[in-house]
Amino acid sequence: MNCLTLSKIHPYFISGAETFSASEIWFNDLVFNKGELCLIAASSGQGKSSLLSFIFGERKDYSGEIYFDGNEIKSLKNYEWQTVRKEKLSCVFQGLRLFSDLTAFENIELKNKITKHKSREEIEYLFEKIGLQDKINEKTGRLSFGQQQRVAVIRALCQPFDFILLDEPFSHLDDKNIETVSEIVSSELVEKNAGMLLFSLGYEYPFNYSRKYRL
């Protein structure tokens, strides 16, 4: 996937353009290109998680169109979405969606068995890099939310992707951990020449952004 296009997108819960006239996303035409790093900042309740769900194909309660390389996504079949989510589009949801009864490693292994993207050694290296090597066999339900966020980021990197969507991925991390995890993500983005859409409540995490938008 080389580009992701939004055309006059707005959720059904937004009744008119005048309500969100300051938004640089809703009701506008935008193209996000592979290799670009974009920050989308929003106040709480402005719909950033909704926008991520629209792009990821989980929700369709919006007006306007979203295109992947010129293909309108509402027309994609289930098997096409499976390919997109396995090979083209990775995501860290705000709620993380980890399995609390599985260990940190099992959560990642579950995905990596499908994608076969990283070796066990590479995964263990990432755990060490983010300071969770002693939690690798701990059930995620026993981890702090910040620790779970780091596990979710590793899981998102265990697949090929052209774009990665990140919804407040570092909200419970201190500055040192934010810097470490951001470096890991940045390295993966460079290696894959991938694009990033980072959704934030306004915090400008340490990435070399191509563009910044206000939702």
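Figures for the structure shown
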item	result
Top-ranked residue in segment 181-202 [being exposed (fewer than 15 other Cβ atoms within 10 Å of the Cβ), in contact (Cβ under 8 Å) with a residue 24 or more places away in the chain and of a type outside the set (Gly, Ala, Ser); ranked as nearest to Arg155 (Cα to Cα)]	Asn193
Residue list for segment 81-124, restricted to those being without any contact (Cβ under 8 Å) to a residue 12 or more places away in the chain and touching a Lys or Arg at 6+ places or on another chain (Cβ under 9 Å)	Glu106, Leu110
Meets criteria (loosely packed, with under 15 Cβ neighbours inside 10 Å, within 20 Å of Phe32 (Cβ to Cβ) and without any contact (Cβ under 8 Å) to a residue 24 or more places away in the chain) for Lys74	yes
Segment 147-180: number of residues that are within 18 Å of Arg97 (Cβ to Cβ) and either in contact with a Pro (Cβ under 8 Å, 6 or more places away or on another chain) or surrounded by fewer than 16 Cβ atoms within 10 Å (Cβ to Cβ) (or both)	5
Residue in segment 190-199 that is modelled with pLDDT of 95 or more, in contact with a Leu (Cβ under 8 Å, 6 or more places away or on another chain) and small (Gly, Ala, Ser) present	yes
Test set (1) closer than 30 Å to Ile14 by Cα; (2) among the charged types (D, E, K, R); (3) surrounded by 14 or more Cβ atoms within 10 Å (Cβ to Cβ) - Lys139 fails condition number	(1)
The one condition in (1) out of contact with any Cys (no Cβ under 9 Å at 6 or more places or on another chain); (2) at pLDDT 95 or above that Leu165 fails to fulfil	(1)
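The values are calculated or read from the model by the stated rules, or taken from the named source; none is laboratory data. For clarity, every value in this text was computed on a predicted model and none was experimentally measured. Here the Cβ is made from the backbone with ideal geometry for all residues, glycine too, and neighbour counts use every protein chain on show.
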